[in-house]
Every structure is written in structure tokens, then in C-alpha cells.
Amino acid sequence: MNAATARHLATLRSGRPIDPAFVNGVQAQEAIRIFTEEGGSVSASSGSTRDLYRRQYQLDKEFAQHFKSQYPDSHYVTRTECAQVVALALDEYHGTAMTATEAGAHVFGEQHGAACMKRDITAKALRAGLVDNRHHAGYQALVRLNGRREVTKQAAGGTMSGLYNSLVNGARVVKRMETLERNQAEMLARLAELEAFKAQQEARNVADDAEEDPRTKARAMRVEGMSYGAIGKELGRGRSTIQKWCVGL
């Protein structure tokens, strides 16, 4: 029996459920088998990951209520509130983010906003906040640019206020980059149009310098079987103009 199996078996013997994060692991299942053979009874709440998470959520909720009753002047930060802070920061992608102070007051209230934003945020709370906002346009843009792991890494380590400002800056940068890329694409398209116009003008000038009637030349080229578009490109004229000149051919 390895150390992990022994630890899970000791947990079951004490009457407590196995940690939800490990309940489906090989060592945990081996501990459950040994405990059952010893005559122990593993309830559904001890063996079901869903029930264990549900029980953990209920315990966290009860702890928050107890904390609030014991310390009425303090505030216990919940997962939902952490997700709200993350969402407000990601709103900078749309240009509507608040300052960190305003966000704290909006989520935690005027009384606790400043204090809560100064608290350190755990990696677990950070991941939960990002997961809850995985469909936010700002988060998806950051992931496309940097990758999910890098986004989490850049936002980790620090206070709630630090997390907020980090995500705001990230959303602002990715929005500017997308705007620059869009402007660059528009400029390239415009440049292509100008180059085509220049080529058409040069062809027209060459035809004019040849001192030959473009109508006569267009009709001759049409008789040779050239298309309207090819003739127009050769003479520097529009397709509709060539069609008018070649009526009856």
C-alpha cells in the first residue's frame, strides 16, 4: 500500500469523505475497496464526485454565513464576486471598464470595496473567476493572442486590485492590436486599389501617346476575339466603355 492509498484509507476510517479532487483516482478507489472489505460503509456522498462537490459548496456557503455573523464589519469574498471582478476588468475590451476602486465598490459595496480589492487572490479563485468568464469576448481575445495558460500566469500572484489592473491592461492591449491589424488590412486593400488604378492610367496614357483612335483599336481587338475586360485593361478604359465602342460586333 502506497502513501496516497494509506492517506485516503485513514480519511475514510475517520468518517470523513475523500477529497473530491482525488475520489476517482486509482489510490482513492483502492482505499475505498480496502475500507469496504474491512466492513466499512462508503455512502454515496463519499463516493460520488458530484455529491462531494455539492457538499463542499454547501460547506463553503455555511462558512461564509458563519464568517459574516461572527465578523459583521468584514466581508468574505465569494467565487461569484471574484468572477464579477474579472468580468468588469474584461469589459475594457469593449472600452467600458471601471477603475479598480469603482469596481470594488460595485461588487463589494462602498463599505468593503477598498479592503477587498487589497486582499491577495488565490490561484484557485483566479482560475474559477476566469473559467466563469470563459465566454466573455475579452477573455477569448486574450486567449487567442497569448494562450489560456499565459493569460492565467500573467494575472496570477497579487491582490484583487492587481488582478483587475492586469486584466484591464491585457484587454486594452489586445483590443488595440486588433484595431491596428484591421486598419492595416484596410490600408493594404486601399493600396491594391490605387495600384490597379495607376496601372489603368498608365495603360491609357500609352494608348493615347500612340496617336491611334482607341475606339478603332478596341473594335479591332474585339474582332480578334479579345474580351471586353482584356481590351479595357489594354487601353486603360472601363468595361462599359469598351462595350459601347464595340456595339454591333
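The values are calculated or read from the model by the stated rules, or taken from the named source; none is laboratory data. Owing to the predicted nature of the structure, the values given are computational and were not obtained by experimental measurement. As a convention, Cβ positions derive from the backbone with ideal geometry for all residues, glycine included, and neighbour counts pool all protein chains shown.
A search for C-beta distances below 8 Å between a residue of the stretch 231-249 that is on the phi > 0 side of the Ramachandran plot and any residue that is surrounded by fewer than 17 Cβ atoms within 10 Å (Cβ to Cβ), counting only pairs 6+ apart in sequence or on different chains, returns GLY236/GLN200; GLY236/GLN201; GLY236/GLU202; GLY236/ALA203; GLY236/ARG204; GLY236/ASN205; GLY236/VAL206.
In the stretch 150-157 there is no residue that is touching a residue at least 60 places away in the same chain (Cβ under 8 Å) and either crowded, with 16+ Cβ neighbours inside 10 Å or not acidic (Asp, Glu) (or both). Report yes if some residue within the stretch 129-147 is part of a loop (DSSP other than H, G, I, E, B) and on the phi > 0 side of the Ramachandran plot; otherwise report no. Within the stretch 129-147, one or more residues are part of a loop (DSSP other than H, G, I, E, B) and on the phi > 0 side of the Ramachandran plot. Residues that are of a type in the set (Lys, Arg) and under 20 Å from MET117 (Cα atoms) within the stretch 130-161 comprise just one, LYS153. Within this structure, ARG176 fails the test of being over 22 Å from LEU88 (Cβ atoms) and in a helix (DSSP H, G or I). Among the residues of the stretch 27-58, those identified as at pLDDT below 70, loosely packed, with under 14 Cβ neighbours inside 10 Å and either part of a helix (DSSP H, G or I) or β-branched (Val, Ile, Thr) (or both) are ALA44, SER45, THR49, ARG50, TYR53.
For beta carbons closer than 7 Å, sequence separation of 6+ or different chains, a first residue in the stretch 119-133 that is loosely packed, with under 13 Cβ neighbours inside 10 Å and a second that is modelled with pLDDT of 85 or more and among the β-branched types (Val, Ile, Thr), the qualifying pairs are ASP120/THR159. When only residues in the stretch 161-205 that are closer than 30 Å to THR122 by Cα and of a type in the set (D, E, K, R) count, which is surrounded by the most Cβ atoms within 10 Å (Cβ to Cβ)? Among them, the one singled out is LYS175.
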